[in-house]
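Q: Sending over a structure as structure tokens; questions will come in a sec.
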Amino acid sequence: MKKIKTFVCENCGYESPKWFGRCPVCGQWNTAKEVIKGIGKGSKSPLPSLIYLSKNQIENQIRISSNIDELDRILGGGFVKGQAILLGGEPGIGKSTLALQISDKATEKGLKVLYASGEESIDQIFYRAKRIDVSSEIVITTEQNIDTISEVAKDFDLLIIDSIQTFYTPDLGSIPGSISQIRAVTGKMVKAAKENQTVILLIGHITKSGDIAGPKIVEHMVDTVLYFEGERTTDYRIIRVFKNRFGPSGEIAIFEMTSKGLNAVKNPVFIEDDIPFGNAIACVLEGSKPIIVQVQALVSRSKIPSPRRTAVGIDITRVNAVVAVMSKLLKLPLDMHEIYVKILGGMRITDPGLDLAISSAILSSLLEKELSKIVFIGEVGLDGKIRLPFATNKRIETVVQSGFKEVAAPATPIEHRNLIVHETRRLSDLISIMG
Ligand code: TYD
Ligand code: MG
């Protein structure tokens, strides 16, 4: 085997045949380490092992319940043996709380769980366990050496690493939290998951500034990526499936942070009792989950030539498109107004079925006319035509079950007694709803 000399940055893993004082990738000084590598020439590599995948095997993929229904649902029916999951989120959002709750619930169900915390002392974990009223005997370690943890992976069904930024392998000289360590820790855990058929849940911090050394750099290495969302000013916490090799992505689960940990919100209705002008209610779907949300808009006269437009919880380009269609087709002077739009409750909505509610809230604020408790369902086309969004029936069912009496939609495929339908086929129909 031929040996070659190369220099590797201890911080980020950058490789160069020449020595460097300052790493051109991460900018750190004196991180170049000499490494001797053997390259494969001359050595005969073994043949790849072949696996024969039968229909039977695929259909009988066993799901392991976490004993938290909402988590099982978004995962596509529970964990899968050997699955590596990344759970990312900002500090303080509730990752460790959820991790401890999963440990408790899964242990209660008979799974062997190890909760490895590199962040907190045993006392801190005990305090949290007391708050959430842990009922089973959880196994905890504060060991931060990932190689030691890998050794015991085979003894557990589920292993939780809190967080990938605080674990390390002595193979590398760099500090925990550096890009090279995060990559190595994740790589070793993914390998341990596959070799031992253990489910591994890796927790990772992300910061608002979009820290490069965050979980983003290991998304491609794991099977499933979950992100915790939500404003810390509200109690709602959303877990969104960003990637899933074992189920659909885009699913969300909604939890509420209480004094005793996170509680699942099964039928989410995020609206206030009183709906003044500038507000509109919508029934949207995030993944397969119907949610009733309130859109708030403020339209106010502006003196500057390009008035401000902001959006919280929705993509601003969607709002801009709706505003452009409204300006042109309803001949409204919106270009002379500042427009602020937000979704109440800290939700982030990607469903285009929200469009009709966005335009209604804007119109309601402009005209200062209340919309009462009408639920708006529809996508707004660039031609001003309102279209039925996917799964309209499911939305209507949710609206009825949640006790609403009026909807505005281009059509309703199913009829319900006691449900008043305001047929809204074009944007101009909104004017008559407002009376
Ligand atoms: P934590 O799980 O420590 O967040 P992370 O691991 O993502 O950094 O939770 C942080 C917040 O949640 C903290 O501000 C306290 C609050 N909290 C509750 O409100 N109720 C509870 O039962 C627990 C355990 C935490
Ligand atoms: Mg934590």
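Q: Note down all Cβ pairs under 9 Å where the first residue falls in the stretch 229-240 and is within 8 Å of PHE255 (Cα to Cα) and modelled with pLDDT of 85 or more, the second is basic (Lys, Arg) and open to solvent by 60 Å² or more (accessible area, probe 1.4 Å), and they're at least six residues apart or on different chains.
A: ILE238/ARG348
Q: If we scan the stretch 121-129, do we find a residue that is in contact (Cβ under 8 Å) with a residue 40 or more places away in the chain, of a type in the set (Val, Ile, Thr) and either exposed (fewer than 15 other Cβ atoms within 10 Å of the Cβ) or in the same structural domain as ILE252 (by TED's automatic domain parsing) (or both)? Don't jump to the end; show me each part of the working.
A: Filtering the stretch 121-129 down to residues in contact (Cβ under 8 Å) with a residue 40 or more places away in the chain leaves none.
Checking the stretch 121-129: not a single residue is in contact (Cβ under 8 Å) with a residue 40 or more places away in the chain, of a type in the set (Val, Ile, Thr) and either exposed (fewer than 15 other Cβ atoms within 10 Å of the Cβ) or in the same structural domain as ILE252 (by TED's automatic domain parsing) (or both).
Q: Another one. Does the stretch 43-56 contain at least one residue that is loosely packed, with under 13 Cβ neighbours inside 10 Å, modelled with pLDDT of 75 or more and among the hydroxyl-bearing types (Ser, Thr, Tyr)? Before the answer, list the steps.
A: Of the stretch 43-56, the ones loosely packed, with under 13 Cβ neighbours inside 10 Å are 43-56.
Those still in the list that are modelled with pLDDT of 75 or more too: 46-50, 52.
Pick out the ones that are also among the hydroxyl-bearing types (Ser, Thr, Tyr) and you get 49, 52.
Within the stretch 43-56 (the criterion being loosely packed, with under 13 Cβ neighbours inside 10 Å, modelled with pLDDT of 75 or more and among the hydroxyl-bearing types (Ser, Thr, Tyr)), the answer is yes, since at least one residue qualifies.
Q: Of the conditions (1) within 12 Å of ligand 1 (Cβ to nearest atom); (2) more than 25 Å from the chain's Cα centre (by Cα), GLN165 fails just one. Which one is it?
A: (2)
Q: Of all residues in the stretch 135-164, which are open to solvent by 30 Å² or more (accessible area, probe 1.4 Å), within 16 Å of ligand 2 (Cβ to nearest atom) and not in a strand (DSSP E or B)?
A: Matches in the stretch 135-164: ILE138, THR142, GLN144.
Q: Here is a list: LEU344, LEU419, LEU334, LEU366. Which entry is open to solvent by less than 30 Å² (accessible area, probe 1.4 Å), closer than 18 Å to GLN294 by Cα and not assigned by TED's automatic domain parsing to the domain that holds PHE242? Outline the logic, then answer.
A: Working: LEU419 fails: closer than 18 Å to GLN294 by Cα; LEU334 fails: closer than 18 Å to GLN294 by Cα; LEU366 fails: open to solvent by less than 30 Å² (accessible area, probe 1.4 Å).
Sole residue among the options that is open to solvent by less than 30 Å² (accessible area, probe 1.4 Å), closer than 18 Å to GLN294 by Cα and not assigned by TED's automatic domain parsing to the domain that holds PHE242: LEU344.
Q: Inside the stretch 379-435, can you point out the residues that are of a type outside the set (A, V, I, L, M) and at positive phi?
A: GLY384, GLY403, ASN418, GLY435
Q: Taking the stretch 279-321 as the search range and keeping residues that are among the β-branched types (Val, Ile, Thr), in a strand (DSSP E or B) and open to solvent by 30 Å² or more (accessible area, probe 1.4 Å), which one is farthest from GLY403 (Cα to Cα)?
A: Of the residues in the stretch 279-321, the ones among the β-branched types (Val, Ile, Thr) are 281, 284, 291-293, 295, 299, 304, 310, 312, 314, 316-317, 319.
Checking the rest, the ones that are also in a strand (DSSP E or B) come to 281, 284, 291-293, 295, 299, 310, 312.
In the following step, the residues that additionally are open to solvent by 30 Å² or more (accessible area, probe 1.4 Å) were identified as 310, 312.
On the way: THR310: 32, VAL312: 27 Å.
Filtering the stretch 279-321 for residues that are among the β-branched types (Val, Ile, Thr), in a strand (DSSP E or B) and open to solvent by 30 Å² or more (accessible area, probe 1.4 Å), the one farthest from GLY403 (Cα to Cα) comes out as THR310.
For every residue, the table says whether it meets (1) under 17 Å from SER117 (Cβ atoms); (2) assigned by TED's automatic domain parsing to the domain that holds ASP223; (3) touching a residue at least 40 places away in the same chain (Cβ under 8 Å); (4) charged (D, E, K, R).
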{"residue": "VAL152", "(1), (2), (3), (4)": "yes, yes, no, no"}
{"residue": "PHE156", "(1), (2), (3), (4)": "yes, yes, yes, no"}
{"residue": "ILE160", "(1), (2), (3), (4)": "yes, yes, yes, no"}
{"residue": "THR169", "(1), (2), (3), (4)": "no, yes, no, no"}
{"residue": "GLY173", "(1), (2), (3), (4)": "no, yes, yes, no"}
{"residue": "PRO176", "(1), (2), (3), (4)": "yes, yes, yes, no"}
{"residue": "GLY187", "(1), (2), (3), (4)": "no, yes, no, no"}
{"residue": "ALA193", "(1), (2), (3), (4)": "no, yes, yes, no"}
{"residue": "ASN196", "(1), (2), (3), (4)": "no, yes, yes, no"}
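Q: Let me ask something additional. Could you say which residue among ILE93, ILE102, ILE125 is within 12 Å of ligand 1 (Cβ to nearest atom), assigned to a loop (DSSP other than H, G, I, E, B) and of a type in the set (Val, Ile, Thr)?
A: On the way: ILE102 fails: assigned to a loop (DSSP other than H, G, I, E, B); ILE125 fails: assigned to a loop (DSSP other than H, G, I, E, B).
Answer to the check: ILE93.
Q: A follow-up question, please. Could you pull out the residue among GLY92, GLY78 that is surrounded by fewer than 18 Cβ atoms within 10 Å (Cβ to Cβ) and closer than 16 Å to ILE239 by Cα? Give the derivation first.
A: Details: GLY78 fails: surrounded by fewer than 18 Cβ atoms within 10 Å (Cβ to Cβ).
Just one listed residue meets the conditions, GLY92.
Q: Separate question: Regarding the stretch 187-196, can at least one residue be identified that is over 19 Å from SER65 (Cα atoms) and within 16 Å of ligand 1 (Cβ to nearest atom)? Quick ask: steps written out before the conclusion?
A: Filtering the stretch 187-196 for residues over 19 Å from SER65 (Cα atoms) gives 187-192, 195.
Going one step further and asking which of them are within 16 Å of ligand 1 (Cβ to nearest atom), we end up with none.
So far as the stretch 187-196 goes, no, none of its residues is over 19 Å from SER65 (Cα atoms) and within 16 Å of ligand 1 (Cβ to nearest atom).
Q: Also: From the residues in the stretch 236-278 that are aromatic (Phe, Trp, Tyr) and open to solvent by 40 Å² or more (accessible area, probe 1.4 Å), which one is farthest from ligand 1 (Cβ to nearest atom)? Don't jump to the end; show me each part of the working.
A: Of the stretch 236-278, the ones aromatic (Phe, Trp, Tyr) are 236, 242, 246, 255, 270, 277.
After this cut, where a residue has to be open to solvent by 40 Å² or more (accessible area, probe 1.4 Å) as well, the list is 236, 242, 246, 277.
Working: TYR236: 12, PHE242: 17, PHE246: 24, PHE277: 34 Å.
Filtering first and then ranking leaves PHE277.
The values are calculated or read from the model by the stated rules, or taken from the named source; none is laboratory data. Because the structure is a prediction, the values reported are computed rather than measured. Don't worry about glycine lacking a Cβ; one is built from the backbone with ideal geometry, like all the others, and counts go over all protein chains shown. Just the protein is used for accessible areas: all its heavy atoms, side chains included, with ligands, DNA and RNA removed. Shrake-Rupley method; radii C 1.70, N 1.55, O 1.52, S 1.80 Å.
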